[in-house]
Structure formats: C-alpha cells, structure tokens
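Heads up: the structure comes next, in structure tokens.
The values are calculated or read from the model by the stated rules, or taken from the named source; none is laboratory data. From a predicted model like this one, the values you see are computed outputs, not experimental measurements. For neighbour counting, all protein chains shown are included, and Cβ atoms are generated from backbone atoms with ideal geometry for every residue, glycine included. Protein only, heavy atoms only, side chains kept; ligands, DNA and RNA dropped before computing areas. Shrake-Rupley method; radii C 1.70, N 1.55, O 1.52, S 1.80 Å.
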Amino acid sequence: MSALLLWTFLAVAPVCAKPNAGLKTWGRFSKLPYPGDKAFLYDTFPKDFMWAVGTAAYQVEGAFEKDGKGPSIWDTFTRGGNRIVTGDVGSDSYHNLHADIRAVRQLGVSHYRFSLSWSRIFPNGTRGSYNDIGTNYYWTLIRRLKEIHVQPVVTLYHWDLPDHLQQTLGGWSNPELVEIFKDYADFCFQTFGNDVKYWITIDNPFVVARHGYGTGVVAPGIKNDPNLMFQVGHNLLKAHAAAWHLYDRRYRPRQQGKLSMALASHWIKPSRTRLESLRECQCSLDHVLGWFARPLFVDGDYPPCMKARLGSRLPTFTQEERDQVRGTADFFALSHGAALSFNLINDSLKFGQQEDLDLRMLLYWVNAEYDRPPIFVVQSGWYVLGNTKTEDPKHMYYLKRFISEALKSIVIDGVNVIGYTAWSLMDGFEWHREYGIRRGLYYVDFNTPDMKREPKTSATFYRYVIQRKGFPELPENRPAQGVFPCDFAWGVFANSIQVETTPSQFADPNVYIWNISNNGELTRLEGFSAPPLRRTAHCADYATVRQQVDEIRHVGLNHFHFSLNWSALVPAGDVARANTTLLGYYRCFARQLLQANVTPVVTLWHHTRQRSSVPAPLDAPNKWLNRETPAAFADYARLCYRELGAYVKLWITLNEPNDEMVSYQEAHQMLRAHAMAWHAYDHEFRHAQGGKVSMVLHMDWVEPAFSLSREDVEPAKRVLDFRVGWFAEPIFGSGDYPVGMRSWLRQLNSLEYTYTAMLEVQHMIDTTWITNPWPVVPWGLRKALNWVKEHYNDVPIYVMANGVQEDPAHFKDSLRVYYLYNYINEALKAYTLDGVNLKGYFAYALSDQRDPGFGLYGQVQDEVIVKASLSNYRNIIQHNGFPIKGAAPQQCPSSPQPCFGCHVLAKRPVVGFLTLVGSGVLITLSLIIYYTAKRQRDCY
C-alpha cells in the first residue's frame, strides 16, 4: 500500500526547476558563435506544429448592443473622459462571420484563437442573464471552423469584463469574481468543450491588473490605488486556478482538452556584464512574467524578488491556496510583441536594464526557469501605422523574425515550442491605441459598409511559411563546392597606400658603433656625421614600399588595387607642374609589386564624400561642374599612363562615382571625363602598353520587400536603374541613360534632385539579417552579379572591393571571416551555377591603418597584427575557392601571368556612349562591379 501511495505522490507532484534557473540565459547566448548563430536558419518545424492566428472579441466583433449583448467595461471606458473613439463596430465580425472564415481558410492555419465576449453570453456577468443568441454566434463560429478543419483555441476572458460586475462588485478587485468566473467557465466548458481542445482562461493578466487597475491606461481605467493592482492579480490567479480544477475534475476525462493562462512578457538585456545587472534582468522578468508564471509553474507563490521589493503591498497565499494554484497550467501560453513590449512596460520595471525584442531568448528563459514546459506562442506580431493599407512589409519582416526565432529555439536550443499564433487575423480596435495602428494580416476598410477584408503582404507571407512548414533549405542556400578558373584574380583593395616621399634608407647622417662583443646595440658617436651621399635614390630606399609589399605578398594575392591622389600628383591642375617625387614613389611601388608577382591595379580618382581629391584650381569653381574638369582629368590620366603604364595594365578611371549625393549634371561630366581618359589610352598608349581601362561602380543589391508583389518589384528595378544603370547603361548598354530612368524623370519634369529624392520607395532592412551595423547579406552579391550579366551581355566582371567593418580591436575578427567565406562562396555559385563571367574578387581592405575597421591587418601602435580573416582568406586563395573533398587537385600553371589583362577580357562587347557634345563610340571590354558593406544596404 505504501508503494502505491508513493507512486501516486510522484505522479502529481510538480517537478520544479532550480531557483532562478533562467539566470543562465544571458551567459549562454553571449557564448554562442558569432556571427554564425545570428545567421538565418533554413529548416522546418515539426509535423504536428500548430500554426494559428488570433483575434480578441472587443477588437473585432462590433455589435456592441445587438441581440441582447450587455455592456462591457470597454464599452464604458471608451465613452469616458475625452475619448471619442470606440470599438462599437470594430471589424464587425459579428456580421461578417463568412468573411472571417474565408480569411482563416486562405491562411492555411491549423488553429484559430478567438475570445468569447463574456457580456454577450451573460449580459450582466452571471448565469441568470444567459443570452441564447450570443451563445449561438460562438457555436456557429466553432462549427464553421471545424468544417474547414481548423481547431478553435478559445479564450474565456480577453479584457472585456461585463460592466455590471465592475459597477456592482468593483470588478477583479473583488474576490467574489473568482466563483463568478468559475461558473462562467463551467458554462463554456459544458457548451463548447466537446469541440475545443485548447482553452485560455485569462489573457495577459499583467495588463489587466497593472494597467486596468493601476495606471488606468486600459479599461476599467482605475488609477487611484497603487496597491490595488496586486490584489487584482491575486484574484486573477485564483480565478484561473478555480477554472482549471473544475475542468480537470469534471470535463477533462471526457473532452481531453488542455487549459492555461496567456502570459505576456517583454525581454530585457543587461546594461552591463556584471552579475548585478543579470539579477536585475531576472527581477524585471519576475515582476512581469514571473508575477503569474511562478505561482502556476513552480511553487504556487510569487517570485522572491517581487516579495522582497514589494513587501506588504503584495498579497500572500495560504498554504492551501498555494497548493490550489500550483501546477494549474497544461502548457505555457506565451504572448509576445507589440501588446506589451515597447508600449506598456514602464521604465520602473526595467530596473536600469535595456528592453529588447528577442523571442528566442525569452523562450529559452521560460524553458529554463519553468522546467521545460510545452510552450504555445499564443500571440506574436507587430504593428504598422493606421494609414497603412495592404502593403505592410514592416509587419511581415517582424513576423519572419519571430517565426525564425521560434524555429531556432526548437532546432538549436531544444525548447519545446508547440505552436505559433500570428496576431491578428484582421485590423481592429487596438485598445488604448484605438485605430492609430493596425496589427491585422488582413486589411479592413473601416469606411465600407461591409468592412471589406483584403490580405496584406504579411498574410501572403504567413500563408507561404505555413505551406512550407517554415523555411526549408533550398539548393541555393547550401554552400557551394568548386574552384575558380586558374587565371582568377585574387586581390585586396586599399583606398590609399602609405606614401614616403623621402627615402628612409641612408637618410640618417649620424655615425654609429656596433657593440658586437656585448649586447649588439648601435651606439651613436657624438660630434660625428657622415658626408652626404651623392647618388640617385632607388626604389629599395623606401622602407614603406618594402613593408607594404611584404604585407600584400603575405596574404597570397596575385593582384593589389590602390588609388592615386589626383590633387597631390597635380596640385596646381597643370600636368606640366606635376609632383615628380610622388610619381616616382608610385612607380617604385608598382614595380615592387610586379617583382613580388602581384599585379598592380590603379585607380586615378577615388570618389569620397569627405574630400573631392580634385586639384584646388578645379575644386574651387564647381568641381566636376567646371567644364574644364573632364579635359584636365584626361590630361592627368595621360600623365599617369605615360609614367606608370609600363607597370600597370589595368586602370580604373573613376572609383564609385555613382553616389547618391552626386547630381545628374556632375555625373554627366564624370562620364565625359571617363570617356576622354579611355580614348586617350586607346589612341595613345594601348598599342605599346597593352592595358585595359574601365570604371568601378558601387552596387548594393536591392531586394523587393516581397518578391511576389509587383508593387515591390517595380520600385526595386527602378532603384537599380538609378543607382547602377545610371553609369553602366551609357558605357555598357545603349550609350544613353536607362530608359526607365529617363521616363521617370520626365514624369517629374525636373533634373534638380539627387537621384534618391524622388524614387518613391521606402527604405527597410529585413530584421533577420546579420547587422553590424549594416546588413551582411551574402546572397545579395550573387543576385547583383546575375543582374549585371542579364543587363550587359555576359560582360566580364571583377568584384573590386568587398568587405565589412568590424571593431579594430577584434583580431579574431569572426564577422569578417564569416563575411569573406560566404560572399566568396556566393561568387562561386554565380560563376559555377549561373554562368556569370566572373574574373576576379578583391577583399576590402588591407590594413586598419589606412582603412580603419576594414583591414585584414590590425595595428597596435607600431606592431602589425595578422587577423584571423587574413589567414582564412589566404586559405581560400591557396585552394582557389572551395574544392570538392576527395576531388583531384586543380592543375594550374605555376608561373604567374606576366601582366594583368593580357589574356583575359580579350573579346567581348562594343558599346556606345553619348557625350555631352555629341555622339562618340566607346569600346570597352570589361565591367567592374563594386559590392561592399561600407554603406547601408536598403531594401525596397
């Protein structure tokens, strides 16, 4: 008998997690590999995962006094004070049941969460006022859901208490409501229970208690007693427990349903890494989520942190009440998103820490703190402004973020997440925000008699995710294996190089004694100096040349791309008075690169927003708008071709001129300057030197916010026309600006804007992307390369600068390691799978000293540090890509190519170019695309 009793005790006793077990959450996530853990996870949810969508009665039903419905506290609250907006009509779901069912069916969800209006069933709150018509409305709704194979998830109380109970008893502040709610629940279980397997007793008791009876932000709007909220919370817990025990005893054996209370929470992260900050985070969650979760899932009592800080303000449970409350939840019903976070969490509850929107960490915390309960996310989503119609990419991307975080929680963290509920099905009355925001997947036109529903972008996205059961990995998401061609150009780009105009070798006139017998140090002899050397300086005299070339060679490159300084080489704008010393240094640098088997790639003018680098006489009067500037640039180009052309076989005229701050008139002059410099080389130098000349264009890929929406696809195409086609089309296409660009500007009848001022696009970032602070989106490079291929006849392409900024103190620069690996892998896909004529890849940049935060080399005072990214990039170069394991090694000639471009780009296209003064023909054989994370990537 004793053994049997022991077994029974073990069966019903709750298994509790260790106290404050959730405290490990922050430390655990801080140790996950970065940025790999932040990368998007392609995987699917379990087969039995519950996909749901939800609504709340007062928000959507309307018909506030029809068919015998009694007033709720919200009907009274919205008529009080200066308020003029009510939820009397909402989305009028009471009269649009067929439209709601159609929307639910279109989404393809397996579950629909809705709430019962207590005052529609019991107008005065008690069984004696039973309303048969109101009950039949819900019975019909459940039956229609079952007909389309959607399971109902029914909430008994979603904030709309019958007003009679508030006026006569004081609402939830009165303990009598415990038994009244139990009786109401009894009726609902008995009436609907055979068709309902998931019940929510009370939604978000935190908001009901704190903001209904504390701050007065929501109904019933009571705010004169700072302690009343805690008594309300106490009564809510006891009411829930009474309903749970009733169901467990009387209905569960037959109906086999599950019951819980929907608990909402924010997320919080420590402002500092100290243990004290972590404890404050824990306490913040205890005051919001733990207020109700700990009594239900742990020990039937409030969190110790709450009890310590609130003292006598917090009611106490008797031992009998603890036993009654503890363990009265069959699953953890979690609400997350706009209903609470960033809206209704007062700073006083953050305890000096920082609120964050991280569903994954919250799920992990719940899992740890409450001993691995099954978690059903019963409300999740975001909002858009009230004037938004069917295009809601912001809401869509937040949905994507939250769903992907739930997926990671299951797959990576091992959390038992059993379902996800997008909120909400349709637009409605948004509580204290009224109609100022919209949260629906379906747009409701409140100005039409039938409250017409239309699916938004977010609805189409959610349906797509449900159909695919998440985000299954597609072939294009998998890393590619393979190698680049043997003549592939591997390089690094640096905005500039360190210049030393005075040779450092033999420049010291002092005389030294070498103390070879002691410590080997040099000791300077006072009063002695060496006679001046009378010899011509040699390239070997420049220590900085040797140092930089050694650093470049150590990376394993075969190409190095750097920029000259126009204003320094020709300070007066007159090539007859050029800086010959600086020219000599550049000549030495290029020569030393060739001797190290590294091909120099030289840019004549590098566009930056900070400084123009145009010679002062041209810079002062309108810079590029000066009509003399293109001709002066062509003369400068001739000087460089003549002085450096023996060593340089690939020239870049202009680097990134397609900047949004450049006016159309300036761009026109830049195109003229490029054409004149190109023709100068073609007519005067190409025959003898055999080099190539082109232009580098900056290209950030722009992705339609929703690829299935024409309203998003067309603006994305327009942006690429304005950003890339602006310079590429005249050179590599028709010889004129893009047709779409001209027609769009003709509509506006003005050329006075910068090119993004009138594109009628919205800048957005997918919240699931890795950002630091700009997005890291490797597949964007592949799409960019394919765009160039499709638009410009399979032209040969070089990726001339591709890099990411990271804290210079991070010598184990994991973000850059991830970045280079994945971007180069996407480039390989473009080459091997898409047939893009890709000829080279240049990482950005060589050193933090010249390009802070982007370098493969770091710097600590005078010491040069080899970062982890350099070793990884060198490894990729040595393998010429990502060879297939077990495959025979690639057989390539061991000797380096004698010059850049001698055997590549020899055949392709002839394109036209329209100059300002007339038509001319520009023959060009290559296009160089610049795709980098140096600037923010916008998504349209």
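Rundown of residues vs (1) among the hydrophobic types (A, V, I, L, M, F, W, C); (2) part of a helix (DSSP H, G or I); (3) free of Cβ contacts under 8 Å to residues at least 60 places away in the same chain, yes/no style:
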{"residue": "653", "(1), (2), (3)": "no, no, yes"}
{"residue": "657", "(1), (2), (3)": "no, no, no"}
{"residue": "661", "(1), (2), (3)": "yes, no, no"}
{"residue": "670", "(1), (2), (3)": "yes, yes, yes"}
{"residue": "681", "(1), (2), (3)": "no, yes, yes"}
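Being of a type outside the set (Ser, Thr, Tyr), at pLDDT below 95 and either not in a helix (DSSP H, G or I) or not assigned by the TED database to the domain that holds residue 219 (or both) is the requirement here; does residue 352 meet it?
Considered against the rule, which asks whether it is of a type outside the set (Ser, Thr, Tyr), at pLDDT below 95 and either not in a helix (DSSP H, G or I) or not assigned by the TED database to the domain that holds residue 219 (or both), residue 352 comes out as yes.
In region 620-635, which residues are within 22 Å of residue 683 (Cα to Cα) and either of a type in the set (Phe, Trp, Tyr) or part of a loop (DSSP other than H, G, I, E, B) (or both)?
Within region 620-635, 628, 633 meet the criteria.
Okay, residues lined up against (1) more than 24 Å from residue 871 (Cβ to Cβ); (2) surrounded by 18 or more Cβ atoms within 10 Å (Cβ to Cβ); (3) modelled with pLDDT of 95 or more; (4) not assigned by the TED database to the domain that holds residue 693:
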residue	(1), (2), (3), (4)
758	yes, no, no, no
764	yes, no, no, no
768	yes, yes, no, no
778	no, yes, yes, no
782	yes, yes, yes, no
795	yes, yes, no, no
803	no, yes, yes, no
815	no, yes, yes, no
823	no, yes, yes, no
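For region 774-793, name all the residues that are farther than 18 Å from residue 726 by Cα and part of a helix (DSSP H, G or I).
If the condition is that a residue be farther than 18 Å from residue 726 by Cα and part of a helix (DSSP H, G or I), then 779, 780, 781, 782, 783 are the ones that fit.
Considering (1) of a type outside the set (S, T, N, Q); (2) open to solvent by 10 Å² or more (accessible area, probe 1.4 Å); (3) at positive phi, say which one residue 97 fails and leave the rest.
Of everything listed in (1) of a type outside the set (S, T, N, Q); (2) open to solvent by 10 Å² or more (accessible area, probe 1.4 Å); (3) at positive phi, residue 97 misses just condition (3).
Yes/no per residue for (1) at pLDDT below 95; (2) within 28 Å of residue 682 (Cβ to Cβ); (3) touching a Phe, Trp or Tyr at 6+ places or on another chain (Cβ under 9 Å):
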{"position": "532", "(1), (2), (3)": "yes, no, no"}
{"position": "535", "(1), (2), (3)": "yes, no, yes"}
{"position": "546", "(1), (2), (3)": "yes, no, no"}
{"position": "559", "(1), (2), (3)": "no, yes, yes"}
{"position": "574", "(1), (2), (3)": "yes, yes, no"}
{"position": "601", "(1), (2), (3)": "no, yes, yes"}
{"position": "618", "(1), (2), (3)": "yes, yes, yes"}
{"position": "649", "(1), (2), (3)": "no, yes, yes"}
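Of the residues 733, 690, which is in the same structural domain as residue 565 (by the TED database), small (Gly, Ala, Ser), touching a His at 6+ places or on another chain (Cβ under 9 Å) and touching a residue at least 60 places away in the same chain (Cβ under 8 Å)? Show your work before the answer.
Details: 690 fails: touching a His at 6+ places or on another chain (Cβ under 9 Å).
733 is the lone residue from the list that is in the same structural domain as residue 565 (by the TED database), small (Gly, Ala, Ser), touching a His at 6+ places or on another chain (Cβ under 9 Å) and touching a residue at least 60 places away in the same chain (Cβ under 8 Å).
Yes or no, residue by residue, for (1) farther than 30 Å from residue 848 by Cα; (2) assigned by the TED database to the domain that holds residue 63; (3) polar (S, T, N, Q); (4) surrounded by fewer than 23 Cβ atoms within 10 Å (Cβ to Cβ):
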site: 395; (1), (2), (3), (4): yes, yes, no, no
site: 406; (1), (2), (3), (4): yes, yes, no, no
site: 413; (1), (2), (3), (4): yes, yes, no, yes
site: 427; (1), (2), (3), (4): yes, yes, no, no
site: 446; (1), (2), (3), (4): yes, yes, no, yes
site: 449; (1), (2), (3), (4): yes, yes, no, yes
site: 455; (1), (2), (3), (4): yes, yes, no, yes
site: 458; (1), (2), (3), (4): yes, yes, yes, no
site: 468; (1), (2), (3), (4): yes, yes, no, yes
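Name the strands (runs of 3 or more DSSP E) wholly within region 423-508 that hold at least 2 residues that are farther than 30 Å from residue 90 by Cα? Even if it seems obvious, please write down each step before you answer.
Details: elements: 442-444, 453-455, 489-494.
Answer list for region 423-508: 489-494.
Filter region 306-333 down to the residues that are of a type in the set (D, E, K, R) and without any contact (Cβ under 8 Å) to a residue 60 or more places away in the chain and list them by number.
307, 309, 320, 322, 323
Since residue 447 meets every condition but one in (1) of a type in the set (S, T, N, Q); (2) at pLDDT below 95; (3) closer than 22 Å to residue 108 by Cα, which condition does it not meet?
With respect to (1) of a type in the set (S, T, N, Q); (2) at pLDDT below 95; (3) closer than 22 Å to residue 108 by Cα, residue 447 is out only on (3).
In a loop (DSSP other than H, G, I, E, B) and closer than 16 Å to residue 489 by Cβ, is that true of residue 893?
In short, yes.
Of the residues that sit in region 60-81 and are surrounded by 22 or more Cβ atoms within 10 Å (Cβ to Cβ) and over 42 Å from the mean Cα position of the chain (by Cα), which one is nearest to residue 136 (Cα to Cα)?
My answer is 69.
Of all residues in region 251-278 being in a loop (DSSP other than H, G, I, E, B) and touching a strand residue (DSSP E or B) at 6+ places or on another chain (Cβ under 9 Å), which is surrounded by the fewest Cβ atoms within 10 Å (Cβ to Cβ)?
271
Among the candidates 115, 129, 110, which residue alone is open to solvent by less than 50 Å² (accessible area, probe 1.4 Å), modelled with pLDDT of 95 or more and closer than 18 Å to residue 58 by Cα? Explain how you work it out, then say what you get.
Values: 129 fails: closer than 18 Å to residue 58 by Cα; 110 fails: closer than 18 Å to residue 58 by Cα.
Going through 115, 129, 110 in turn, the sole match is 115.
Here's a check for you: in region 2-32, which residue that is outside any helix (DSSP H, G or I) and modelled with pLDDT under 95 is farthest from the chain's Cα centre (by Cα)? Steps first, please.
Of the residues in region 2-32, the ones outside any helix (DSSP H, G or I) are 13-20, 31-32.
Right, trim to modelled with pLDDT under 95 and you get 13-20.
Numbers: 13: 44, 14: 40, 15: 39, 16: 37, 17: 34, 18: 35, 19: 35, 20: 31 Å.
For region 2-32, the residue satisfying everything is 13.
Quickly run through region 293-319 and pick out the residues that are open to solvent by less than 70 Å² (accessible area, probe 1.4 Å), of a type in the set (D, E, K, R) and in a helix (DSSP H, G or I).
294, 299
Name the residues in region 580-618 that are polar (S, T, N, Q), part of a helix (DSSP H, G or I) and surrounded by 18 or more Cβ atoms within 10 Å (Cβ to Cβ), would you?
Here is the first cut: in region 580-618, the residues polar (S, T, N, Q) are 580-581, 592, 595, 597, 599, 603, 608, 610, 612-613.
From what is left, the residues that are part of a helix (DSSP H, G or I) are 580-581, 592, 595.
The one that is polar (S, T, N, Q), part of a helix (DSSP H, G or I) and surrounded by 18 or more Cβ atoms within 10 Å (Cβ to Cβ): 592.
Could we say that residue 192 is of a type in the set (Phe, Trp, Tyr), surrounded by fewer than 23 Cβ atoms within 10 Å (Cβ to Cβ) and touching a strand residue (DSSP E or B) at 6+ places or on another chain (Cβ under 8 Å) here? Please lay out each step first, then the result.
Working: of a type in the set (Phe, Trp, Tyr): yes; surrounded by fewer than 23 Cβ atoms within 10 Å (Cβ to Cβ): yes; touching a strand residue (DSSP E or B) at 6+ places or on another chain (Cβ under 8 Å): yes.
When the stated conditions are applied, residue 192 passes them.
Spot the failing condition for residue 418; the list is (1) open to solvent by 10 Å² or more (accessible area, probe 1.4 Å); (2) within 23 Å of residue 770 (Cα to Cα); (3) outside any loop (DSSP other than H, G, I, E, B), and only one is missed.
(2)
Consider residue 723 against the criteria (1) charged (D, E, K, R); (2) within 20 Å of residue 457 (Cβ to Cβ); (3) over 17 Å from the mean Cα position of the chain (by Cα); (4) open to solvent by less than 40 Å² (accessible area, probe 1.4 Å): it satisfies all of them except one. Which criterion is unmet?
Against the list (1) charged (D, E, K, R); (2) within 20 Å of residue 457 (Cβ to Cβ); (3) over 17 Å from the mean Cα position of the chain (by Cα); (4) open to solvent by less than 40 Å² (accessible area, probe 1.4 Å), residue 723 comes up short only on (2).
Which residues, taken from region 390-420, are without any contact (Cβ under 8 Å) to a residue 60 or more places away in the chain and farther than 26 Å from residue 200 by Cα?
413
Condition test on residue 172, is it within 21 Å of residue 223 (Cβ to Cβ), in a helix (DSSP H, G or I) and open to solvent by less than 30 Å² (accessible area, probe 1.4 Å)?
yes
Going by what's in this entry, would residue 125 be described as assigned to a loop (DSSP other than H, G, I, E, B) and either among the acidic types (Asp, Glu) or touching a Leu at 6+ places or on another chain (Cβ under 7 Å) (or both)?
yes
Restricting attention to region 279-292, report how many residues are without any contact (Cβ under 8 Å) to a residue 60 or more places away in the chain and open to solvent by 30 Å² or more (accessible area, probe 1.4 Å).
Number satisfying all stated conditions: 0.
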